[in-house]
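What follows is a single structure, written as structure tokens, with notes after it.
Taken together, the values in this text are just the output of simple stated rules run on the coordinates, not laboratory data. Because the structure is a prediction, the values reported are computed rather than measured. A quick note on method: Cβ atoms are made from the backbone with ideal geometry, for glycine too, and the neighbour counts reach across all protein chains shown.
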Amino acid sequence: MTHSLGRPVPEMEGLASYPRKNGEPVFEELWQSRAFGMVVALHQEGLFRWDEFKERLIAEISSTGKREERATDPVYYEHWLTAFWKLLSDKGILCEAEMEARKAEFESGLRREVY
Amino acid sequence: MGAHHEHRDEHEHSWAPPSEVEARVNALESLLVEKGLVEHDAVDALISAFENDVGPMNGARVVARAWVDPDFKRRLLEDATSAISELGYTGLRAEHLVALENTSETHHMVVCTLCSCYPWALLGLPPVWYKSPPYRSRAVSEPRTVLREFGLELGKECRIEVWDSSADIRYLVIPERPEGTEGMSEEELAGLVTRDSMIGVGRALSPSEARAD
């Protein structure tokens with residue numbers, strides 16, 4: 001019996017805490033889980049400290065007023081995604097031009113496969 | 001894991017435009033994969049670990065092994081970080097894990113007075129009360145009363161030791177093995193080990209309590 005735990009997902013508390021249902025984390029849509037997984041994966045690769053992401057996430061959540069205290073928070077992962085993008089661009093990992101171009105390809109259907 | 005691949009292939013002929021946010025996520029992932037910064041399977045594994053493997057079951061397996069294997073228990077008490085790696089649990093980062101054995105004479109309970117340090121890889125997400133200021137202060141100032149509120153009445157002869165977790169050290173309590181469990185398999189035994197019993201605010205379930213669950 002093997003358990004490939006990897007390294008644990010960093011804790012999030014207070015404003016930044018993960019949406020949960022019965023104490024378990026929930027994703028409402030596929031894109032939310034991909035956005036989640038990418039941030040944790042890049043953090044584990046050592047591209048940034050967890051605090052660098054968390055600070056940006058808290059800033060996003062704070063900028064839109066009080067966070068709804070419910071299990072399924074529809075905007076949490078949108079904030080997550082914005083914070084992730086800001087971090088990537090602050091770090092110079094991705095630039096806006098390539099991002100916009102790639103996004104347009106997906107929106108037009110020119111590109112359909114992610115990988 | 002090919003689930004997502006297959007899903008997307010099926011839809012190749014009935015393409016529907018992605019929402020704005022889906023297009024953003026697709027763009028990010030495809031760029032990060034191209035640059036070799038992210039692997040699709042690694043992201044899958046993280047998501048599935050977060051969604052499914054989170055819970056006290058990993059800790060319960062460690063406790064059950066300690067109950068049935070005295071040599072393992074000895075190694076666990078000597079160096080828990082190394083002992084749990086025998087079971088494939090290498091999920092701890094810099095933190096050192098220390099196992100504490102509860103007996104009829106000594107009862108260990110765990111708190112994090114500063115924040116909410118917790119052996120995440122073994123016990124999943126910490127319960128809400130673990131992070132609450134009353135538990136964090138009262139576990140130290142009046143542990144016996146706190147345990148009574150959890151429904152755990154300890155005899156006067158039983159000494160209580162409270163352990164304060166930190167960024168460097170996390171604790172796992174090995175509860176006493178319940179009576180009447182001699183014939184049970186390791187897997188059945190793991191089903192008796194509750195999260196609370198591994199934080200030291202409860203006992204492991206008796207076989208009849210487990211059936212009633």
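Where does chain B land on Rg/Rh, using Cα atoms and the Kirkwood Rh?
1.10
How much of the calculated P(r) for the protein assembly as shown lies past 38 Å, in percent of all Cα pairs?
Roughly 25 percent, rounded to a whole number.
Can you check what the net charge comes to around A:Glu11, using other residues whose Cβ is under 10 Å from the Cβ of A:Glu11 (Lys, Arg +1; Asp, Glu -1)?
Net of charged neighbours comes to +1.
Taking the highest mean first, how do the peptides B:39-48, B:138-147 order by number of other beta carbon atoms within 10 angstrom per residue?
Ranking the peptides B:39-48, B:138-147 by packing returns B:39-48, B:138-147.
How large is the dipole of the protein assembly as shown about the Cα centre if only Lys and Arg carry +1 and Asp and Glu carry -1, each at its Cβ, rounded to the nearest 20 debye?
With Lys and Arg at +1 and Asp and Glu at -1, about 940 debye.
Across peptide A:90-100, how many C-beta atoms of other chains are within 10 Å of each residue C-beta, on average?
If you average over the peptide's residues, the count of other-chain Cβ atoms is 2.
Measure up A:Lys54/A:Lys103; A:Lys86/B:Lys35; A:Lys103/B:Lys35 against 23 Å on the Cα-Cα distance and list the ones that go over.
Beyond 23 Å between Cα atoms: A:Lys54/A:Lys103.
State the antiparallel share, in %, of DSSP beta bridges confined to the protein assembly as shown, rounding to the nearest 5.
Once the DSSP bridges in the protein assembly as shown are tallied, antiparallel ones form about 15 percent.
Using a cut-off of 9 Å between beta-carbons, work out the net charge of the residues near B:Gly202 (Lys and Arg +1, Asp and Glu -1, B:Gly202 not included).
+1
So, in Å, what gap is there between the alpha-carbon centers of the range B:164-184 and the range A:95-115?
Spelled out, the Cα-based centre of one part sits 51 Å from the other.
Within chain B, which cysteines find no other Cys whose Cβ is under 4.7 angstrom from their own?
Isolated Cys, chain B: B:Cys115, B:Cys158.
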